[in-house]
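Accompanying notes for the structure given below.
Coordinate-derived values only; no laboratory data. Quick caveat, the model's predicted, so the values are computed rather than measured. Cβ atoms come from the backbone with ideal geometry, glycine included; neighbour counts cover every protein chain shown.
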Amino acid sequence: MKGFRITIKNFDLSHLGEVLRIERASFRHPWNKPSFVWYYLKSPDEFLIATINDDVVGYIIAEVQKDLYGKAIGHIVNLAVDPKYRGKGIGKALLQHLLNRFVSKGITRVYLEVSKSNEVAKRLYKAYGFKEQGIIRSYYQDGDDAVVMVKDFGNA
């Protein structure tokens, strides 16, 4: 990227104010502070931030779960980029870093839910090999449906 360098690192509670600011600027029904703290305490290795010159410009939150057979799978639960920095590869950098982390842990499947109306996010996920697997009706607080998207890394 021209002009600045994106750094991806683990979130810690000192970043909470900036993450909340980005969340509020990104979603009609933003998560509250306890939700972020809960995910940080539950899955600190899967809560990443993107910074430029030490300013938080985006984040991604995921967790590792077990499927019905006890195999570890990844679940991406939230991704947002500061509106001033969208279209500059920050979401891609966060997603790629997280996917690399999952692969290094031996995870072969990742899923997420995305608003049916969020075409930008769906294009991003499709570019990284996610495929639409189904719909969850009225998933979001405003009644919007969610598209479930899945990426299989194969039998690594």
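Quick notes
- Residue count for segment 23-55 satisfying the condition of being within 15 Å of Leu98 (Cβ to Cβ) and touching a residue at least 40 places away in the same chain (Cβ under 8 Å): 5.
- Every residue from segment 91-109 that is in contact with an Asp or Glu (Cβ under 8 Å, 6 or more places away or on another chain) and under 27 Å from Arg28 (Cα atoms): Leu98
- The listed residue being under 27 Å from Gly154 (Cα atoms), of a type in the set (Val, Ile, Thr) and surrounded by 12 or more Cβ atoms within 10 Å (Cβ to Cβ), out of Ile52, Ile60: Ile60
- Among residues of segment 22-60, those that are over 20 Å from His75 (Cβ atoms) and of a type in the set (Ser, Thr, Tyr), counted: 1
- Residue that is surrounded by the most Cβ atoms within 10 Å (Cβ to Cβ), among those in segment 69-117 that are over 23 Å from Leu20 (Cα atoms) and of a type in the set (Phe, Trp, Tyr): Phe102
- Enumeration of residues in segment 1-22 that are within 15 Å of the chain's Cα centre (by Cα) and closer than 24 Å to Asn100 by Cβ: Ile8, Lys9, Asn10, Phe11, Val19, Ile22
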